[in-house]
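Since the structure comes first, as structure tokens, the remarks are kept for the end.
The values are calculated or read from the model by the stated rules, or taken from the named source; none is laboratory data. Predicted model, so just to flag it, every value in this text is computed and none were measured. All Cβ positions, glycine included, derive from the backbone under ideal geometry; neighbour counts span all protein chains shown.
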Amino acid sequence: MENIEYSEWVPAGALVKGLFAMVSLIIVVVTFAVIIFSEGLLVEDIFGVSFAWVVLVILLLVFWNYRGLHIKINDESLSVNYGLFDKKSFLLKDITSCKTTKAFSRYLGVGVRVGLDGSMAYTTSFNRAVEITPRINRVFVFSSKNPDKICEIINRKNTV
């Protein structure tokens with residue numbers, strides 16, 4: 001059984017949640033308005049309402065998948081999971097440096113991002129983040145509520 005030294009859940013930021021709520025509300029209000037105020041639903045109206053609800057379901061599934069990051073550090077590795085499909089894992093001995101950073105200034109948004117310098121990021125908000133430099137792959141940045149603690153653990157494990 002692995003010894004979990006650190007575990008953290010980093011939920012999506014308030015801006016992301018607010019945007020998804022606003023878009024969802026707009027879709028719901030507009031489709032109900034079309035249904036209520038039209039004088040008999042035409043095929044085009046039914047198609048439009050159905051299309052809008054399909055878009056809403058897709059948006060909600062995407063939001064559910066990317067609702068937050070799960071960070072885990074055990075004795076040997078760091079893993080960062082962002083939804084079902086985006087997962088990164090690094091052996092602690094292969095991380096050459098760890099430092100805190102601001103993700104927004106480099107990536108200009110949230111989600112799975114690629115920087116102009118080729119680095120990769122999983123960001124959930126515009127707050128602080130952790131930047132790690134692995135021995136082999138590109139620089140990786142991820143959001144955290146406690147980036148100082150994560151870097152302290154990684155740096156301590158690498159000096160032992």
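Look at Glu39 and say whether it is assigned to a loop (DSSP other than H, G, I, E, B) and either basic (Lys, Arg) or not assigned by TED's automatic domain parsing to the domain that holds Arg113 (or both). For Glu39, the condition - assigned to a loop (DSSP other than H, G, I, E, B) and either basic (Lys, Arg) or not assigned by TED's automatic domain parsing to the domain that holds Arg113 (or both) - is met. If you check Ile58, Ile46, Ile36 for being among the β-branched types (Val, Ile, Thr), surrounded by fewer than 10 Cβ atoms within 10 Å (Cβ to Cβ) and without any contact (Cβ under 8 Å) to a residue 60 or more places away in the chain, only one passes: Ile36.
Taking the conditions exactly as written (within 30 Å of Glu152 (Cα to Cα), in a helix (DSSP H, G or I), among the hydrophobic types (A, V, I, L, M, F, W, C) and out of contact with any Pro (no Cβ under 6 Å at 6 or more places or on another chain)), does Val16 satisfy them or not? It is true that Val16 is within 30 Å of Glu152 (Cα to Cα), in a helix (DSSP H, G or I), among the hydrophobic types (A, V, I, L, M, F, W, C) and out of contact with any Pro (no Cβ under 6 Å at 6 or more places or on another chain).
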